[in-house]
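The values are calculated or read from the model by the stated rules, or taken from the named source; none is laboratory data. Since this is a predicted model, take the numbers as computed values, not measurements. In this analysis, Cβ positions are derived from the backbone assuming ideal geometry, glycine residues included, and neighbour counts consider all displayed protein chains.
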Amino acid sequence: MTCSEEILRNAVKAKFGRAVTMGRTAILTRNHNDRAACHYCGPCERGCSTNSYFASPFTTIADAAKTGRLTLITDAVAARLTMKDGKAAGVQYIDRTTRQAREAKAKIMILCASTLESTRLLLNSGAANSSGVLGKYLMDHIYGGGAAGDMPMVETRPWAGMPRRPNGIYVPRFTNVKAKMTDGFIRGYGYQGGGSTSFDFGAPGFGANYKDAVRQGRTSLSLGLWGECLARKENSVEIDRNRVDAWGIPVLKVSADWSDNEKKLWQHGREQSAQMLEAAGAKNVRLTGEHSVPGFCIHETGTARMGNDPKTSVVNKYCQAHDLENVFVTDGACWVSSGCQNPTLTMMALTVRACDYIVREYSRKLA
């Protein structure tokens, strides 16, 4: 943590009894499987030269390639599942360059194309929807607001900051953990944020005085909230029969909006973030942002929900489609609630769990 983040952590714990910790990411902190521990070189979003940052090409796909049993098809735009004898027989895809339709046949298919794309594949296939809930209960995180302030009590020179790191601080959800409802809303939110030191280009002055003030720098501290979204049937997607993508595949029409619950918890979270910054001694504290529109956070979940009852859900607890026993949906589509945390690590865990089930149990049926 930076100095300002440590100040925030201690103040928030002392005054509110809340935790401030580092965000969780799939990045190595020690050497593992010929991959080096992170050494804070940054910027991570451009790729990781030491393979410390998890990414499929140099982890799961690389391991699959070593088996000699992997066929990786590029330039393939998945269109729909093909059917035979009541089961899925393969995936029809369009070659991106030639635009020819092709088919990849398989005994087991795992859809992990991202929440809405997996659901679009099923809808375009006319499959796995005996329940009528495929495409329903779409969720995303409401975010885009919080608070920010200045921390003049710590060193402000721009070169005094921490090395480039792959994540920021995190404040876990503290609302409605024991009680069901706070200030007229249920569920809650978590915060992502951080403290940083940079040149102060907003400094006053002119000429040499302005340059000196810019070099002196400025340390700021901010918190942004990510709020839960309730699963509501009216938030949904369906196939738009009047529109197709560049490869002639029908696209989705999305109908979604925030309920009063999301809007209330978002406003509550902004106010609480300002209170925590003030408790840390921040100056010039101000509320920030406006709440996002659904889809802007790109944390879509739901639309092929998990459940034990085939009449009210699309997949079972192993992400296996009730209507098609050889099809698994392992991304965010199977979620029934959103939580307030970033969804990717949970999606990865669900995929591992489903694959473990296929290897242990379901593969016996196909022997």
Odd one out for residue 333, checked against (1) part of a helix (DSSP H, G or I); (2) free of Cβ contacts under 8 Å to residues at least 60 places away in the same chain; (3) over 30 Å from residue 222 (Cβ atoms): (2)
Within segment 248-302, tally of residues that are farther than 28 Å from residue 20 by Cβ and in a strand (DSSP E or B): 6
For residue 337: the one exception among (1) surrounded by fewer than 19 Cβ atoms within 10 Å (Cβ to Cβ); (2) over 18 Å from the mean Cα position of the chain (by Cα); (3) not basic (Lys, Arg): (2)
Count of segment 181-203 residues which are farther than 12 Å from residue 222 by Cα and under 25 Å from the mean Cα position of the chain (by Cα): 6
Test set (1) modelled with pLDDT under 95; (2) at negative phi; (3) loosely packed, with under 10 Cβ neighbours inside 10 Å - residue 108 fails condition number: (3)
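Answer yes if at least one residue in segment 118-133 is among the polar types (S, T, N, Q), under 26 Å from the mean Cα position of the chain (by Cα) and part of a strand (DSSP E or B), and no otherwise. So that I can check it myself, show each step before the final result.
In the first step, residues of segment 118-133 are kept if they are among the polar types (S, T, N, Q); the result is 118-119, 124-125, 129-131.
Still in the list and also under 26 Å from the mean Cα position of the chain (by Cα): 118-119, 124, 129.
Within this subset, residues satisfying the condition of being part of a strand (DSSP E or B) are none.
No, segment 118-133 has no match at all.
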Within segment 236-261, considering residues that are of a type in the set (Ser, Thr, Tyr) and either free of Cβ contacts under 8 Å to residues at least 40 places away in the same chain or not assigned by TED's automatic domain parsing to the domain that holds residue 133 (or both), the one farthest from residue 295 (Cα to Cα): 259
Contacts under 9 angstrom Cβ, first residue in segment 61-76 being without any contact (Cβ under 8 Å) to a residue 24 or more places away in the chain, partner of a type outside the set (S, T, N, Q) and loosely packed, with under 11 Cβ neighbours inside 10 Å, 6 or more apart: 61/72; 64/72; 65/72
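Looking at the structure I just gave you, is residue 81 in contact with a helix residue (DSSP H, G or I) (Cβ under 7 Å, 6 or more places away or on another chain) and assigned to a loop (DSSP other than H, G, I, E, B)?
Values: in contact with a helix residue (DSSP H, G or I) (Cβ under 7 Å, 6 or more places away or on another chain): yes; assigned to a loop (DSSP other than H, G, I, E, B): no.
So residue 81 fails the test.
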Residues being within 13 Å of residue 138 (Cα to Cα) and of a type in the set (Lys, Arg) - total across segment 291-320: 1
Breaking point among (1) under 22 Å from the mean Cα position of the chain (by Cα); (2) assigned to a loop (DSSP other than H, G, I, E, B), for residue 110: (2)
